[in-house]
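Notes to accompany the following structure.
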Amino acid sequence: RRAKRLVMNVPALAVQSACGLLAASVLGRVANRIFAALDKSDEVIDGFPRWRWDLSVFVQVFIFPTCMLLAVSHGMQTVGMGAWLAAGAQALPGATRWYVYALFASQSRDMFPMPDGASMLMKVHHWVVVIACLLALAAPAGF
């Protein structure tokens, strides 16, 4: 009963966000496997295998813009641009959060495990982006 009470007191946005972050992270790990199988290069760039960089470029060229276009168009249709820019994540439709989920996954897929050869700057960069994604989802306004 106690566990059921705890779950019932968790805000719906927290559950949705956790599910979105988890799903995106799993998809990121699957993408890791696919790109690792497709790219047999031994080249290492800043401690990361080349296929991780190739996957990063793919995500930045195709996934991020698609998520942003969906978020903006969905936000414009439901609440309008001004309200969309000023509102917090809890006030916005789910498609608006997809970009944050994808951004989180793009970093978390590289972090576990983080290559030994990765520079401190790359490690800090990944952690800062992950923390910023979590803060964006929790921000009361200005999502």
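The values are calculated or read from the model by the stated rules, or taken from the named source; none is laboratory data. Small disclaimer: the values here were computed from a predicted structure and weren't measured. Glycine also receives a Cβ, built like all others from the backbone with ideal geometry; neighbour counts cover every protein chain displayed.
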Open item on the list: Can you find, within segment 73-111, the residue that is surrounded by the fewest Cβ atoms within 10 Å (Cβ to Cβ) among those that are farther than 18 Å from residue 133 by Cβ and of a type in the set (Val, Ile, Thr)?
Closed with: 78
- [ ] Scan 29, 97, 33 and give me the residue that is over 15 Å from the mean Cα position of the chain (by Cα) and assigned to a helix (DSSP H, G or I).
- [x] 33
- [ ] Name the single residue, out of those in segment 114-130 being of a type in the set (A, V, I, L, M, F, W, C) and under 14 Å from residue 45 (Cβ atoms), that is surrounded by the fewest Cβ atoms within 10 Å (Cβ to Cβ).
- [x] 121
TODO: Return the total of residues in segment 11-68 being aromatic (Phe, Trp, Tyr) and more than 27 Å from residue 143 (Cα to Cα).
DONE: 4
Open item on the list: Yes or no: segment 1-13 includes at least one residue that is assigned to a helix (DSSP H, G or I) and within 14 Å of the chain's Cα centre (by Cα).
Closed with: no
Task: Output for segment 37-56, where each listed residue is small (Gly, Ala, Ser), modelled with pLDDT of 95 or more and either under 20 Å from residue 126 (Cα atoms) or surrounded by 14 or more Cβ atoms within 10 Å (Cβ to Cβ) (or both) - done: 56
Open item on the list: Looking at segment 9-32, I want the residues that are touching a residue at least 12 places away in the same chain (Cβ under 8 Å) and have a partner that is aliphatic (A, V, I, L, M) and in a helix (DSSP H, G or I) with Cβ atoms under 6 Å, at least 6 apart or on another chain. Which pairs are those?
Closed with: 17/137; 24/102; 24/105; 25/105; 28/105; 31/55
TODO: Hey, could you check segment 61-72 for residues that are surrounded by 13 or more Cβ atoms within 10 Å (Cβ to Cβ) and not hydroxyl-bearing (Ser, Thr, Tyr) and say which is nearest to residue 35 (Cα to Cα)?
DONE: 63
